[in-house]
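Have a look at the structure below before the remarks.
What follows draws every value from the coordinates through simple rules; no lab data is involved. Source: prediction; values computed, not measured. Cβ atoms come from the backbone with ideal geometry, glycine included; neighbour counts cover every protein chain shown.
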Amino acid sequence: MLRPSLKANDFLVAESAAMRAVVLQVEAFADGEAPVLICGEHGTGRELVARVLHQRGPRTTGRFVAVRPSFEDVPGRAATDDACERARRALRSAAGGTLLVKDLSDLSRPSQRTLKRAIRDRRSETAESFDVHVVATGDLDVDRAVEAQIVSREFYDLFKQRRIEVPPLRDRLDDLPALFERWIKHYALEIGRVKPSVSTRALLRLAAYPWPGNVAELKSIARRLVVRVTRQKIEAGDVDEVLPTVASRVPLEDLAFEEMVKSKLAGLLARIDGYPVHDLYEKVVARVERPLFDLVLAHTGGNQLKAAELLGLNRNTLRKKLADLGMKKKRVGREDRALDGD
């Protein structure tokens, strides 16, 4: 959570085309009237976008209240309150401002009905009305939740015309340097040190990472680096020490043979972790020999003499290896399944 003196606008970076499109939608939907749905992967900054939406609209002097679908974090809630009453408490708490409901798909049916009535009756003079701008977040599968009747279609229809898609960090890498710099500055101020600079190579390391945790993960990495690095510049090696190791997504045909083998073996070692394997060398060699012998024998039309000559082996040695390998179906043990688990 940001300090009260900080504003969400301070952390909304839109140097990429994808985020500039988000900003345009925020400006269009910041009138404080019709409901807004902010969708995206977890960690993309959906609540940040909601806060900016609130700050840039006419309700900026009102409260911004963010609640979970259960509404259990609303001040003044009694333990015996049902979901409908908790939802009404949340609406009252956000009167004149913005109510952000996190994770639309997790709202109970009673809560959906309560919010639907509140949105439709907000100008009513007869029913209980709530002068609140309702904003919700959702994941990218919210449409499927509607199809599965987890989310009421009538309820979803109130939001769908004002839907903002927040892109994942991997699709807005032009924003990464500025985002990283802002979080580095923020955490340096938090612990009372001069903000360290960031080398170009360190930024390249960050840009090469796939960021499955999105901006939330970048924020965590920035905090760890500010705490760990006492020098005045964050270098590529510092980034390497804190970033998780991930497999490179390089097409096998683009790899050198040795690199291709290393890539496969890395996955193999991960899969056999925990299995009682004590003859890895033999198993790996056997799995290289089998396809090699298959291909060479196919190339020579099954002629073992020619195959042995091509392989540089004695014919008897080749015959023994073929016999040892079986070249027929053999029992597959538990550790073999790990070896074959592609």
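Figure the gain on full extension for Thr230 and Asn316 (residue separation times 0.36 nm, minus the Cα-Cα span) and round it to one decimal in nm.
Length gained between Thr230 and Asn316: 24.5 nm.
Quick one: Asp175, Asp82, Asp106, fewest Cβ neighbours within 10 Å first, how do they rank?
Ordered from fewest to most neighbouring Cβ atoms within 10 Å, Asp175, Asp82, Asp106 come out as Asp82, Asp106, Asp175.
Sort Tyr281, Tyr156, Tyr209 so the one with the fewest other Cβ atoms within 10 Å of its own Cβ comes first.
In order of increasing Cβ crowding within 10 Å: Tyr281, Tyr209, Tyr156.
Jot down the radius of gyration and Dmax of segment 170-242, Cα atoms only, both in angstrom.
Computed over the Cα atoms of segment 170-242, radius of gyration and Dmax are 11.2, 33 Å.
Evaluate the charge dipole of segment 124-247 about its Cα centre and quote only its size in Debye, nearest 20, assuming +1 on the Cβ of each Lys and Arg and -1 on the Cβ of each Asp and Glu.
980 debye
Just rank Val101, Val239, Val23, fewest to most, by other beta-carbon atoms within 10 angstrom.
Fewest-to-most Cβ neighbours within 10 Å comes out as Val23, Val239, Val101.
Measure up Lys102/Lys219; Lys102/Lys233; Lys283/Lys320; Lys195/Lys219 against 26 Å on the Cα-Cα distance and list the ones that go over.
Lys102/Lys233
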